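Visitor: Here's a structure for you.
The values are calculated or read from the model by the stated rules, or taken from the named source; none is laboratory data. What you see is a predicted model; the values in this text were computed from it and never measured. So basically every Cβ, Gly included, is an ideal-geometry build from the backbone, and we count neighbours across all protein chains shown.
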Amino acid sequence: MNIWQPEAGETLLARSPVAFATGAAPRVKGMRWFRDTERHDIQHELGGWPAGPSFTARSIGGSTGRQTLQGLAKGAGVAVMALLSSAGGNVSGSSVASSDEGSDTPDDPADEVDDFPVMWAAPMTIARTLPWQLDPGRLDEKHSRTHLIVTDRRLVIVLLPYFKKELERIEDEAVWQCPLSDVDSVVPRNFKDGDDFTVTFVDGSWCRLTSFRRRKLMRYLVPSGELVPLDSLTPQQRDAIAVFADEVQMPASVSPNVMRNPSGRLHVEILLPERLTSAFGASEASITVDSEGQVVDIADYLPDDF
């Protein structure tokens with residue numbers, strides 16, 4: 001086992017699988033491009049990158065035809081399901097996975113419908129330094145994974161082998177990092193599945209990534225507030241966190257991460273080392289604590305508590 005660890009005084013905040021995103025609109029479905037600011041393809045200019053697939057966006061006529069057929073098929077499927085339900089059939093589940101954050105409306109048609117850049121970078125900019133292992137067209141995802149690690153100091157991308165029957169086997173190789181101060185903004189991109197997000201660096205370059213645990217990453221990539229030191233909390237709040245830490249059997253090597261939500265409540269998260277896997281990254285146990293030191297029931301959560 002070779003698990004990446006933060007330096008002394010550095011706080012590990014989140015760790016999740018991540019990769020360059022993939023187009024979902026009919027013209028660009030299954031595709032991605034690496035662009036400069038003039039929208040030229042630059043993948044051949046990226047130093048140290050192995051050869052990868054080259055894509056051409058589908059014609060509007062062809063994509064429209066496919067979209068129409070897909071729409072008709074989907075409509076027919078809905079009609080059949082409705083008929084089965086009305087006849088008393090036991091219908092459950094869905095053949096289409098969906099996210100409550102997904103949207104059928106593009107935020108940026110130029111970059112989501114007509115084209116699908118996952119890197120937008122002028123020469124000598126930060127996005128051009130990203131590792132090729134993030135590209136599903138180059139990395140064998142059956143045998144490898146890339147995880148994004150977020151600390152209070154930096155972003156780190158690690159490469160690790162993926163063994164379907166040994167998900168707890170972690171052999172990290174750090175392949176990229178940058179100071180957190182190099183990140184200018186992070187924006188969720190909800191078209192289509194609600195798993196994508198763009199990271200814009202201070203030099204104006206950006207990348208579009210995807211993670212099925214996007215919300216966990218973005219809590220710390222787009223923090224609503226600073227980490228709250230435990231010694232700044234009330235005795236009641238510290239007691240509630242101590243009880244919670246005991247319940248989840250937090251090891252002595254780990255400390256709770258506490259952030260104050262916009263509502264004023266505390267989001268308390270404990271990353272548990274024994275739950276780290278190559279498939280899901282770092283898993284956590286979390287609670288929300290109010291100003292009186294009471295643990296808030298999830299039924300009473302406010303939107304920003306999530």
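Visitor: Between a first residue in segment 122-145 that is closer than 10 Å to A19 by Cβ and a second residue that is of a type in the set (V, I, T) and outside any loop (DSSP other than H, G, I, E, B), which pairs have beta carbons less than 6 Å apart while being 6 or more apart in sequence or on different chains?
Guide: From segment 122-145, the pairs are Q133/T146; Q133/V175; L134/T146.
Visitor: Taking F197 as the residue in question, decide whether it is outside the structural domain of I126 (by TED's automatic domain parsing), under 14 Å from the mean Cα position of the chain (by Cα) and either at pLDDT 95 or above or acidic (D, E) (or both).
Guide: When the stated conditions are applied, F197 does not pass them.
Visitor: Cβ-Cβ under 7 Å, sequence separation 6+ or interchain: first residue in segment 38-61 and without any contact (Cβ under 8 Å) to a residue 12 or more places away in the chain and surrounded by 12 or more Cβ atoms within 10 Å (Cβ to Cβ), partner in a loop (DSSP other than H, G, I, E, B) and among the aromatic types (F, W, Y). Which pairs?
Guide: Q43/W49
The rows are residues; the columns are (1) over 30 Å from M31 (Cβ atoms); (2) assigned to a strand (DSSP E or B).
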residue	(1), (2)
D203	no, no
A242	yes, no
M250	yes, no
I270	yes, yes
A285	yes, yes
G293	yes, no
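Visitor: Ok, one more. Any residue in segment 237-258 that is outside the structural domain of S16 (by TED's automatic domain parsing), at pLDDT below 95, acidic (D, E) and closer than 30 Å to N2 by Cα?
Guide: Looking through segment 237-258, none of the residues is outside the structural domain of S16 (by TED's automatic domain parsing), at pLDDT below 95, acidic (D, E) and closer than 30 Å to N2 by Cα.
Visitor: Okay, next question. Taking V268 as the residue in question, decide whether it is buried (at least 17 other Cβ atoms within 10 Å of the Cβ), outside the structural domain of E168 (by TED's automatic domain parsing), more than 30 Å from R169 (Cβ to Cβ) and of a type in the set (A, V, I, L, M, F, W, C). Please lay out each step first, then the result.
Guide: Working: buried (at least 17 other Cβ atoms within 10 Å of the Cβ): yes; outside the structural domain of E168 (by TED's automatic domain parsing): yes; more than 30 Å from R169 (Cβ to Cβ): no; of a type in the set (A, V, I, L, M, F, W, C): yes.
Spelling it out, it is not the case that V268 is buried (at least 17 other Cβ atoms within 10 Å of the Cβ), outside the structural domain of E168 (by TED's automatic domain parsing), more than 30 Å from R169 (Cβ to Cβ) and of a type in the set (A, V, I, L, M, F, W, C).
Visitor: Go through the residues of segment 271-286 one by one and say whether even a single one is surrounded by 13 or more Cβ atoms within 10 Å (Cβ to Cβ), in the same structural domain as T146 (by TED's automatic domain parsing), small (G, A, S) and within 30 Å of W33 (Cβ to Cβ).
Guide: Checking segment 271-286: not a single residue is surrounded by 13 or more Cβ atoms within 10 Å (Cβ to Cβ), in the same structural domain as T146 (by TED's automatic domain parsing), small (G, A, S) and within 30 Å of W33 (Cβ to Cβ).
Visitor: For segment 158-191, what are the residues that are under 25 Å from D107 (Cβ atoms) and of a type in the set (A, V, I, L, M)?
Guide: L180, V183, V186, V187
Visitor: Could you list, in sequence order, all residues of segment 123-156 that are out of contact with any Leu (no Cβ under 9 Å at 6 or more places or on another chain), surrounded by 17 or more Cβ atoms within 10 Å (Cβ to Cβ) and farther than 17 Å from G52 by Cα?
Guide: T125, I126, A127
Visitor: Name, by its number, the condition in (1) touching a Ser or Thr at 6+ places or on another chain (Cβ under 8 Å); (2) in the same structural domain as Y162 (by TED's automatic domain parsing) that does not hold for R215.
Guide: Status for R215: all satisfied but (1).
Visitor: With touching a residue at least 12 places away in the same chain (Cβ under 8 Å) and under 30 Å from E166 (Cα atoms) as the only criterion, which of P251, P235 stands out? Write out each step before concluding.
Guide: On the way: P235 fails: under 30 Å from E166 (Cα atoms).
Matching residue, one of P251, P235: P251.
Visitor: May I pose another question? Could you check segment 141-170 and list, in sequence order, the residues that are among the hydroxyl-bearing types (S, T, Y) and under 16 Å from R275 (Cα atoms)?
Guide: Selection gives Y162 alone.
Visitor: Could you tell me whether S283 is in contact (Cβ under 8 Å) with a residue 40 or more places away in the chain, of a type outside the set (A, V, I, L, M) and within 26 Å of V18 (Cβ to Cβ)?
Guide: Taking the combined requirement at face value, the residue does not satisfy it.
Visitor: Got at least one residue in segment 287-304 being over 27 Å from W4 (Cα atoms) and within 20 Å of the chain's Cα centre (by Cα)?
Guide: Scanning segment 287-304, I find at least one residue that is over 27 Å from W4 (Cα atoms) and within 20 Å of the chain's Cα centre (by Cα), so the answer is yes.
Visitor: Mind listing just one residue for me: the one in segment 246-283 that is small (G, A, S) and under 17 Å from the mean Cα position of the chain (by Cα) and, of those, farthest from G9 (Cα to Cα)?
Guide: Filtering first and then ranking leaves A279.
Visitor: Provide a single number: the residues in segment 201-219 that are surrounded by fewer than 21 Cβ atoms within 10 Å (Cβ to Cβ) and either under 17 Å from D182 (Cβ atoms) or of a type in the set (A, V, I, L, M) (or both).
Guide: So the count comes out to 5.
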